[in-house]
Amino acid sequence: MAGNSFGQLFRITTAGESHGPGNVVIIDGVPPGIPLTVEDLMVDLNRRRPGQSKIVTQRAESDTPEILSGVFEGKTTGTALAILIRNEDQRSRDYGDIKDKYRPGHADFGFDAKYGLRDYRGGGRSSARETAARVAAGVVAKKIIEDAFGGRVLGYVTQVGEIKATIADPAAITLDQVEKLPDGEPNIVRCPDADAAARMVELIESVRKDCDSIGGVAEIVATGVPAGLGEPVFDKIKADLAKALFSLPAVLGVEYGIGFGCATLRGSQNNDVFVPASPQPDKPGRSDIGTLTNRHGGMLGGITSGEPIVLRAAVKPTSSLPQEQQTVTSSAEPTTIVTKGRHDPCLLPRFIPMAEAMVAIVIADHWQRWKSQCR
């Protein structure tokens with residue numbers, strides 16, 4: 001099956017299914033000497049795992065990773081890094097009734113059309129369960145870019161349904177704001193606007209009681225990224241970031257900077273004016289020039305400008321619903337379907353670490369590529 005690898009010099013390859021023994025990622029291009037432990041990996045895996053709050057799926061997975069190779073005495077060796085995350089709470093019996101039916105909004109029909117068969121247990125390879133392996137790889141990528149140039153990738157929820165958060169400065173949002181409310185309680189929806197977060201939780205609980213689901217928008221911001229990363233034409237960093245986010249399940253739209261807002265502006269309104277900046281001698285590349293505004297989202301001509309990279313992803317409502325829907329069987333006979341199992345009424349809270357991982361992987365890859373060509 002093609003399409004299991006992503007990246008060039010920092011390259012990940014994943015394997016696994018929702019209801020198989022587990023999911024594994026092999027990472028090539030990891031520099032030697034980076035401190036890495038299971039505890040490091042667990043930070044983001046805990047943010048992604050099911051069962052973490054009342055508004056996500058209650059599938060009971062610890063997502064404890066096993067480092068199979070590439071680490072010795074707590075540091076990466078420079079050889080291939082392999083990480084395994086076992087599945088512990090599969091309930092394949094929940095899917096027995098749908099093995100000959102196509103779930104609306106899912107990849108079931110596509111897999112049958114392509115391969116002539118499919119793993120109907122929770123979606124098989126198309127399940128978001130696969131993203132656990134990506135999140136583990138993203139932890140490694142985050143370590144690389146933090147060590148190389150102080151880079152940071154952080155995501156958060158900006159919209160659920162019609163409820164929108166107010167974010168004054170995306171680059172100023174902290175992990176504490178995303179993970180905790182002002183009173184110290186967990187921020188289970190991962191929206192840094194506490195008032196909007198409370199209303200989002202109420203909405204998610206409401207649609208769950210209605211046996212339905214709701215979509216929304218996530219914003220991902222990368223700060224500290226030096227100017228000069230990316231390639232002209234086909235390997236523009238904006239193109240690779242778009243592919244990275246679109247490769248995640250349920251993503252229907254991606255934009256960066258002002259995004260579709262540029263459609264109503266004139267060029268004189270949209271352009272970001274260049275200005276001198278305070279040089280940072282320890283930072284790679286050019287750091288003596290900046291822009292007054294950041295409508296370009298940190299990328300110009302497919303190359304980073306040194307300003308924060310700002311991306312947004314539109315995430316659709318969960319397709320698996322415990323309510324009756326019309327569909328057809330694999331023999332094209334009309335029927336109805338009710339999807340059993342445990343599913344998120346809103347994907348956004350657990351989507352955040354997945355999106356962070358993919359953005360970090362792209363930046364780590366382009367950093368390695370820049371070093372190999374330009375340094």
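Bear in mind that the values in this text are calculations on the coordinates, not laboratory data. What you see is a predicted model, and the numbers here were worked out from it, not measured in a lab. Cβ: placed from backbone, ideal geometry, glycine included. Neighbour counts: every protein chain shown.
Pairs of Cα atoms in segment 145-194 fall into 5 Å distance bins, from 0 up to the last occupied one, in shares of 5, 20, 26, 21, 15, 8, 4, 1 percent. Give the cross-link partners of residue 99 among the lysines, using a straight C-alpha distance below 27 Å as the criterion and excluding same-chain residues fewer than 8 apart. Within the straight-line limit of under 27 Å, residue 99 reaches these lysines: 114, 209, 316, 340. Assuming R0 = 35 Å, what is the FRET efficiency of residue 235 and residue 167, from their Cβ-Cβ distance, to the nearest 0.05? For residue 235 and residue 167, the calculated efficiency is 0.70. Taking the alpha carbon gyration tensor of segment 82-203, multiplying each eigenvalue by 5 and rooting it gives semi-axes of 35, 22, 14 Å, largest first.
Rank these for me by crowding, 193, 365, going from fewest to most other beta carbons within 10 Å.
Details: 193 20, 365 25.
Listing 193, 365 from fewest to most nearby Cβ atoms yields 193, 365.
Listed by number, the DSSP H helices of the chain that run 20 Å or longer by alpha-carbon position along their axis and have mean Kyte hydropathy of at least 0.5 are 131-149. The aspartates and glutamates within cross-link reach of residue 143, meaning a Cα-to-Cα straight distance under 19 Å and a gap of 8 or more places when in the same chain, are 28, 39, 40, 44, 66, 73, 176, 282, 356, 365. Take each peptide in 230-239, 349-358, count the other Cβ atoms within 10 Å of every residue, and average; sorted highest first, the result is 349-358, 230-239.
Enter the per residue convex hull volume of segment 155-265, computed from alpha-carbon coordinates, in Å³ rounded to the nearest integer. If you can, show how the numbers build up before the last one.
Numbers: hull volume 15.7 nm³, N = 111.
Taking the convex hull of the Cα positions in segment 155-265, it is 142 Å³ per residue.
Based on a Kirkwood Rh over C-alpha pairs, give the Stokes-Einstein translational diffusion coefficient of the chain at 20 °C and viscosity 1.002 mPa s in µm²/s. Walk me through the numbers before you get to the answer.
Working: Rh = 21.7 Å.
My calculation gives 99 µm²/s for D.
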